[in-house]
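Engineer: Please read through the structure below; I'll follow up with questions.
The values are calculated or read from the model by the stated rules, or taken from the named source; none is laboratory data. These figures come from a predicted structure and were not determined experimentally. Neighbour counts run over all protein chains shown; Cβ positions are idealised from the backbone, glycine included. Quick note on the areas: whole protein, heavy atoms, side chains included, nothing else; ligands and nucleic acids left out. Shrake-Rupley method; radii C 1.70, N 1.55, O 1.52, S 1.80 Å.
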Amino acid sequence: MSVERALIVIALIGGLVGGYLLARAHRRADLPLPVHHILLPFTGTEISRRALDAALRLAHAEGATLMPAYLATVPKRLPLDCAIPSEAEKAMPMLEVIEQRATGQGVAVDARVERGRSYRHALARLLDREDFDRVIVPAAPESRAGLTGDDLVWLLEKAPAEVLILRPSPEDERYVSWSKT
């Protein structure tokens, strides 16, 4: 009888341990995956303040690194890897402004400039080269230059991550910008 009781006790303990491990693994599967990098592509010398603030809030809340990426266009007559000082003049001050705002909110920044023949081509190159968990795209009104509606649809289809497109209300004219004074 004592052998039978010992086997029953061992079976019960094994069942409890197995059930605990199974429940623990299931609980982990229900948790959202952590976000490590948030891509914020932009063009030009200004970005929607709403989109930037949303990206900073999410990065801060999730402990993620913000990856602002200036999309630079290179004319077809030039090699893709040539120097583009006019684009650098626009990109670097904007990246600096974004980095200052992020640092003020305790958000890590990993900025970059990506070249392409068009904004979409630059974005495609960025999608191929970088790892990120979320993309936050500021959608500009038609009157402003930047990614078009077709580019945004393309991004929704091609991005290997969550995509948030943020368009402020038409009355919202708040932008973060840099300009020579």
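Engineer: Quick check: the distance between the Cα centres of segment 57-91 and segment 107-165, to the nearest angstrom?
Structural biologist: Each part reduced to its Cα centre gives a spacing of 10 Å.
Engineer: What is the sum of charges, Lys and Arg at +1 and Asp and Glu at -1, for the other residues whose Cβ falls under 12 Å from the Cβ of residue 109?
Structural biologist: Around residue 109, the surrounding residues sum to -1.
Engineer: Further, regarding this structure: Could you please state how large a percent of the accessible area of segment 39-78 is carbon and sulfur, counting protein chains only and using a 1.4 Å probe?
Structural biologist: Answer for segment 39-78: carbon and sulfur cover 47 percent of the accessible area.
Engineer: How much accessible area per residue does segment 43-136 have, in Å², with a 1.4 Å probe?
Structural biologist: Spelled out: the 1.4 Å probe surface of segment 43-136, per residue, equals 48 Å².
Engineer: At 0.36 nm per residue, and after removing the present C-alpha to C-alpha distance, how many nm does the segment from residue 76 to residue 166 gain when stretched out fully? Working shown, then result.
Structural biologist: On the way: separation 90, 0.36 × 90 = 32.40 nm, distance 3.06 nm.
Going from the current span to full extension adds 29.3 nm.
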